[in-house]
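Below is one structure, written out as structure tokens; the observations come after it.
Here, each number is a calculation from the coordinates, and none is a lab measurement. Since this is a predicted model, take the numbers as computed values, not measurements. Every residue, glycine as well, gets a Cβ built from its backbone with ideal geometry; the counts of neighbours run over all protein chains shown.
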Amino acid sequence: MTPFSELPAGWQAVVVFLAVFGIALIGLWLYARRGKRRELVSEAVPMLRDYGFVRGADVGQAYANGRYKAFLSLSYALLSDLVNPEKAILIFWASFKVMLAKFLQDPVRREAILKVVDEARLSAEAAQAAKK
């Protein structure tokens with residue numbers, strides 16, 4: 001005998017109802033969270049595209065639309081390419097060029113970029129002079 005079986009039938013029905021109701025609420029809460037994640041991802045997709053990370057945007061778009069098979073295959077393909085150093089450099093280089101073009105349009109960011117480039121140039125020249 002369990003403590004549950006010793007309860008009157010009316011109370012057993014109440015406990016079962018509350019358990020099922022609680023499970024349903026947890027399921028709805030988890031479903032709503034998934035919906036919020038999808039909304040956040042769908043808001044991030046245009047930004048990823050704007051910054052030249054098109055393949056990442058494609059992965060996000062597949063997830064946001066609920067196309068999980070496409071999401072998994074695109075994720076796998078992207079991660080496989082990111083593990084390969086030559087392909088990873090090409091992916092990041094494409095994104096870097098797009099972001100650089102965008103950032104050079106903003107005067108504040110342009111000055112910051114030029115400062116970093118000047119510092120790198122001076123450092124390279126110093127390293128070159130030290131080799132001689």
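How large is the charge dipole for the chain, taken about the Cα centre, if only the Cβ atoms of Lys, Arg (+1) and Asp, Glu (-1) carry charge, to the nearest 20 debye?
Working: 18 positive and 12 negative charges, 65 e Å.
Magnitude of the dipole: close to 320 debye.
In plain terms, the chain from Phe96 to Leu79 could stretch by 4.3 nm, reckoned as 0.36 nm per residue minus the Cα-Cα distance.
Please give me the summed charge of the neighbours of Val45: other residues whose Cβ is under 14 Å from its Cβ, Lys and Arg +1, Asp and Glu -1. Here the count lands on +1. Under the classification rounded if a/c is under 1.5, otherwise prolate if a/b is larger than b/c and oblate if not, where does the chain fall, given a ≥ b ≥ c as square roots of the Cα gyration tensor eigenvalues? Prolate. For the chain, the relative contact order is 16 percent, taking Cα pairs closer than 8 Å that sit 6 or more residues apart in sequence and dividing their mean separation by the residue count. Helix-only arithmetic for the chain: the sum of -39500 (n - 2.57) across DSSP H runs with n ≥ 4, divided by the residue total, places the mean residue ellipticity at 222 nm at -30500 deg cm²/dmol.
Across segment 70-132 the C-alpha pair distances fall into 5 Å bins from zero in the proportions 4, 15, 12, 13, 14, 15, 14, 8, 3, 2, 1 percent. Taking only alpha carbon atoms, segment 32-89 gives an Rg to Rh ratio of 1.02, where Rh is the Kirkwood radius.
Among the helices of the chain, those built from whole DSSP H runs whose Cα atoms reach 30 Å or more along their own axis and whose mean Kyte-Doolittle hydropathy is at least -0.5 are 9-50, 107-131.
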